[in-house]
């Protein structure tokens, strides 16, 4: 029996190792290729770099002004993230912790947003926001649909987490003389870090990597985000080291955030599944 268990464990770990290689290799390949020279890349596209070359990174920053696109992406992502965190936490707290007629119906209404295909609404949203684009910064205008489509997922995650919190938290706060606002800010939010981290990383990654809305709304080069800028690099005579360097820069923030918050993300996602 022991040999059978060892064999099963060996097969399981072997399978998991294979999955890990399949998932990580494209990521590793991007960074290896980004530090190759153009000649080295075409002669040996799948191998280890012969030398460490940062010309691709320097070129996209100095010649193609990628730092402007990075700042645009940071501005759009941070503004969206701040709005979603505030609105979603308030909405989730209101429909889960405060008992009032229609709270369950309201939560169901929020969840209906998960059923709407985001990009199928591109044309009507563009037409609806056309007037705002005439006198507002387009980077602010594009934040509006980002917030709307991020809220259902954010409310779902936070609601699932808030449902697991004991009712005694509010009862003790009331006995201590706390109002609803104080209870929410000083008690509920500090212990909801896992769920808030989950919402933060999901919202940031969705906004940071979004392309189609950015391509339509952000027409002027000085307003374009990183995904749109990378799209401009491709053409008949593509410099792949430049493209891969820009991709490497793009995915770095998401990787860092996920590695730093992965434990809290798992806690936040699974919290609602153990309710009851």
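Computed quantities for the displayed model
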{"item": "Every residue from region 113-129 that is closer than 15 Å to residue 156 by Cα and exposed (fewer than 10 other Cβ atoms within 10 Å of the Cβ)", "result": "115"}
{"item": "Matching residues in region 90-104 - criterion: being over 30 Å from residue 251 (Cβ atoms) and part of a helix (DSSP H, G or I)", "result": "90, 91, 93, 94, 95, 96, 103, 104"}
{"item": "Residue match in region 90-104 (condition: without any contact (Cβ under 8 Å) to a residue 60 or more places away in the chain and within 30 Å of residue 33 (Cβ to Cβ))", "result": "no"}
{"item": "Residue check for residue 159: more than 22 Å from residue 252 (Cα to Cα) and surrounded by 12 or more Cβ atoms within 10 Å (Cβ to Cβ)", "result": "yes"}
{"item": "Of all residues in region 133-153 being within 17 Å of residue 80 (Cα to Cα) and free of Cβ contacts under 8 Å to residues at least 24 places away in the same chain, the one that is nearest to the chain's Cα centre (by Cα)", "result": "144"}
{"item": "Residues (over 17 Å from residue 209 (Cβ atoms), touching a residue at least 40 places away in the same chain (Cβ under 8 Å) and in a helix (DSSP H, G or I)) located in region 62-89", "result": "68, 83, 85, 87, 88, 89"}
{"item": "Residue in region 208-223 that is within 14 Å of the chain's Cα centre (by Cα), part of a helix (DSSP H, G or I) and modelled with pLDDT of 85 or more present", "result": "yes"}
{"item": "Some residue of region 33-43 being in a helix (DSSP H, G or I), under 27 Å from the mean Cα position of the chain (by Cα), surrounded by 11 or more Cβ atoms within 10 Å (Cβ to Cβ) and modelled with pLDDT of 85 or more", "result": "yes"}
{"item": "Qualifying residue in region 189-201 (condition: in a loop (DSSP other than H, G, I, E, B), without any contact (Cβ under 8 Å) to a residue 24 or more places away in the chain and either surrounded by fewer than 22 Cβ atoms within 10 Å (Cβ to Cβ) or out of contact with any strand residue (DSSP E or B) (no Cβ under 6 Å at 6 or more places or on another chain) (or both))", "result": "no"}
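The values are calculated or read from the model by the stated rules, or taken from the named source; none is laboratory data. Everything numeric here is computed off the predicted structure, so don't read it as measured data. Because the Cβ atoms are built from the backbone with ideal geometry, glycine has one as well, and the counts that use them run over all protein chains shown.
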